[in-house]
1. Considering only protein heavy atoms, what is the solvent-accessible area of R8 at a probe of 1.4 Å, reported in Å² to the nearest 10?
2. Top to bottom by accessible area (1.4 Å), largest first, where do K6, K40 land?
3. If ligands, DNA and RNA are left out, what is the accessible area of S100 with a 1.4 Å probe, given in Å² to the nearest 10?
4. Tally Lys/Arg at +1 and Asp/Glu at -1 over every other residue whose Cβ is under 15 Å from the Cβ of S61; what's the total?
5. Using protein chains only and a probe of 1.4 angstrom, how many square angstrom of R25 are accessible, to the nearest 10?
6. Pop out the ³J(HN,Hα) list for the stretch 81-90 in order, Karplus 6.51 cos²θ - 1.76 cosθ + 1.60 with θ = phi - 60°, rounded to Hz; leave Gly and Pro as x.
Amino acid sequence: MREKDKERVQRANGNGNGNATQQKRSQQNAERGANTIQDKLNDARHQMKKSAKSYILAGISDALEEIAEGDFGEFGEEVFGGFIQLSESLDQSSQELVNSRLLPKSLPQSEAKEQIKTIETIVS
């Protein structure tokens, strides 16, 4: 065999400098490819995060706009029911405070009830 053929056979069998150089080059290419893939994944993650934020904020903006227009959607009855309950509770509490201030403590219970009715009709 010729000398060049011998060198090729040795490189193919893993002997000689050619194999080490090829392995080094393969390692570098693999690292470069892994870095490229990681960069692409990071970019995709950043784009997804940006897109999700944009989508969520647009939804919040739409919801606030509808609420400002008085459209509470499926929660409308619950919201108004809560306002009514709060209003009634405040009315009852204020009435109790008024009654406790205006009625003398020494009145018998029956007279106190009559005076409460009188006050309620005046207030209403």
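The values are calculated or read from the model by the stated rules, or taken from the named source; none is laboratory data. This one's a predicted model, so the numbers in the text were calculated from it and none came from an experiment. Backbone-built Cβ (ideal geometry, glycine too); neighbour counts: all protein chains shown. Accessible surface areas use protein heavy atoms only, side chains included; no ligands, DNA or RNA. Shrake-Rupley method; radii C 1.70, N 1.55, O 1.52, S 1.80 Å.
1. For R8, the solvent-accessible surface is approximately 140 Å².
2. Ranked from most to least accessible, the order is K40, K6.
3. 60 Å²
4. Computed value for this residue: -4.
5. 130 Å²
6. x, x, 5, 5, 5, 4, 4, 5, 5, 5
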